[in-house]
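**Q** Just dropping this structure here.
The values are calculated or read from the model by the stated rules, or taken from the named source; none is laboratory data. Remember, it's a predicted structure, so these values are computed and weren't measured experimentally. FYI the Cβ positions are ideal-geometry reconstructions off the backbone, even for glycines, and counts take in every protein chain you see. We work out accessible area using only protein heavy atoms, side chains counted, and drop any ligands, DNA or RNA first. Shrake-Rupley method; radii C 1.70, N 1.55, O 1.52, S 1.80 Å.
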Amino acid sequence: RITMQRVGTRYFVADRTLLFESALRLTPYASGTTIDAAALGEFIEAQYAAAGLDETEIDTGALILTGVAAERDNARTIGETLAVGAGKLVALSAGDALESTLIAHGSGAVELSRSTGQRVMAVDVGGGTAKIAVCENGAVVERTVVDAGARIVQLDDEGHLVAIERSAHRIAAESSTALVEGVTLAESDLDALAETIADRLFEAMGVCPASEGLYSHLRLPPLTSTAAPDVVLFSGGVAEYLHGRESQAFGDLGPRLAAALRERCDRFGIVAAPPVHGIRATVLGASQYTVQLSGSTIFISPDDVLPLRNVMSVRPRFSLVDETIDAEQVATAVRNQLAGLEIDDPALPIALCFSWHGSASFARLDALCAGIAEGLSNRIAAGAPLIVVTDSDVGGLIGIHCREERGLNNAIVSIDGVELGELDFIDIGRLIPSSGAVPVVIKSLQFGALNV
């Protein structure tokens, strides 16, 4: 239950009360390439029943598909079906970069870096991948992903190898281990797999020199900074063993990998602090509804482009403080932010949001709009609507300039007086004729507070 408090024109979370936490279960697979939709549906229904809640009582929430499960053949269909059934969920498939950002927030690394000024590294070791995010001053500044985790091999109760992920063969080759389904692996072979994963992970973290084999295991470019983290927050399923929250084995490398990580933390002097959420770091507590009105200084063309629902906010890092605006700097920042969030579909609507500073002179507006048009050129060519959200009363001016001076023929929605943050999603309702305003619903992904 989330209690909201109104401050000015926006609502903020004043209190969060945890009502229910579901049981945990391993992702059910019908085969090596498909998720068992029936088993997943039964699990979700059982958790609603255990919570004593009906789906109609849930105001909002988030459905996030992550990791190797998101790569299964029917993952997208299952996600869309669940989102429609639940009605008010924000639904998306989180690629490596976005999932790393979610984990940095969910583990508490972002907030810890903001509150202490420390360089905080979030390391989430899951079943198929290990995500790394470096946080400074309340922002994610770098991230990478290692293509390995605790469930790259799976064993039955008798110790027979029953499932092998693609990445397991690369790890096995480096640890001189043969992987054949049905074969019983020796304890020494299982240890060798865990040790190799731990080695590659600490190399990816920049704690020790990288081996030649590291780069074949990375799903994102390596970290560029060599500065050591002040503290590391380990999350994910393996972290449950690392922090002593779990002792039961689940037919994978979890306990062995946790032991290998703990040994390396001690060896390299890594401060491993407990995260806000361990195995639940990517499970978002709630999606908050905040409703605002964007006023009469806006530009909507054509009117029937609205309503828009579940549009992801993109906040590029450019500054409008200087009197002269650099159009190329704006364009580069827009392209970089889209790449970082792995938004590849040029037809997918996104909301470009930023804070406006200074005068709205023709020259400044022209440079800004030129940069926006260049940064979004492929999306504009694909016919996607241009959606711009600012916090100051310049929405109408930006929209008019893009249409009249820059000649953009796409649908344009340029609204103002709205504050959007990274990872917010926005619904924009139909224009209210009597006021010239549009209702705006902001769905901000909520993360717990870190107790330090």
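**Q** Got a sec? Which of GLY383, GLY399, GLY340 is open to solvent by less than 20 Å² (accessible area, probe 1.4 Å), under 19 Å from PRO302 (Cβ atoms) and not charged (D, E, K, R)?
**A** GLY399
**Q** Does ALA139 satisfy the condition of being of a type in the set (A, V, I, L, M) and surrounded by 24 or more Cβ atoms within 10 Å (Cβ to Cβ)?
**A** no
**Q** I'm trying to understand the selection: among the residues of the stretch 226-264, which are on the phi > 0 side of the Ramachandran plot and either open to solvent by 30 Å² or more (accessible area, probe 1.4 Å) or in a helix (DSSP H, G or I) (or both)?
**A** GLY244
**Q** So which pairs qualify, if the first residue must be in the stretch 30-44 and closer than 19 Å to GLY128 by Cβ, the second must be open to solvent by 50 Å² or more (accessible area, probe 1.4 Å) and part of a helix (DSSP H, G or I), the Cβ gap must be under 8 Å, and the two must be at least 6 apart or on different chains?
**A** ALA30/ALA37
**Q** Could you grab me the full set of residues in the stretch 121-146 that are without any contact (Cβ under 8 Å) to a residue 40 or more places away in the chain and of a type in the set (Gly, Ala, Ser)?
**A** Within the stretch 121-146, ALA133, GLY138, ALA139 meet the criteria.
**Q** How many of the residues in the stretch 367-383 are aliphatic (A, V, I, L, M) and either under 15 Å from THR324 (Cβ atoms) or out of contact with any Lys or Arg (no Cβ under 9 Å at 6 or more places or on another chain) (or both)?
**A** Matching residues across the stretch 367-383 total 6.
**Q** Pairs only if they're at least six apart or on different chains, beta carbon under 6 angstrom, first in the stretch 332-354 and touching a residue at least 24 places away in the same chain (Cβ under 8 Å) and closer than 20 Å to ALA411 by Cα, second part of a loop (DSSP other than H, G, I, E, B) and open to solvent by 40 Å² or more (accessible area, probe 1.4 Å); list them, first residue then second.
**A** That search, which allows pairs on different chains as well, returns PRO346/ALA382; ALA347/ALA382; CYS353/ARG315.
**Q** I'm trying to understand the selection: among the residues of the stretch 100-139, which are within 20 Å of THR224 (Cβ to Cβ) and assigned to a helix (DSSP H, G or I)?
**A** Of everything in the stretch 100-139, those that are within 20 Å of THR224 (Cβ to Cβ) and assigned to a helix (DSSP H, G or I) turn out to be SER100, THR101, ILE103, ALA104, ALA109, VAL110, SER113.
**Q** Considering only residues that are open to solvent by 70 Å² or more (accessible area, probe 1.4 Å), closer than 18 Å to GLY251 by Cα and either assigned to a strand (DSSP E or B) or in contact (Cβ under 8 Å) with a residue 12 or more places away in the chain (or both), which ones fall in the stretch 161-178?
**A** VAL162
**Q** Let me ask something additional. Given the condition touching a Lys or Arg at 6+ places or on another chain (Cβ under 6 Å), farther than 19 Å from LEU102 by Cβ and at pLDDT below 95, answer yes or no: does some residue in the stretch 248-256 qualify?
**A** Yes, there is a match, as at least one residue in the stretch 248-256 is touching a Lys or Arg at 6+ places or on another chain (Cβ under 6 Å), farther than 19 Å from LEU102 by Cβ and at pLDDT below 95.
**Q** Do we have any residue at all in the stretch 8-29 that's over 30 Å from MET205 (Cβ atoms), at pLDDT 80 or above and open to solvent by less than 30 Å² (accessible area, probe 1.4 Å)?
**A** yes
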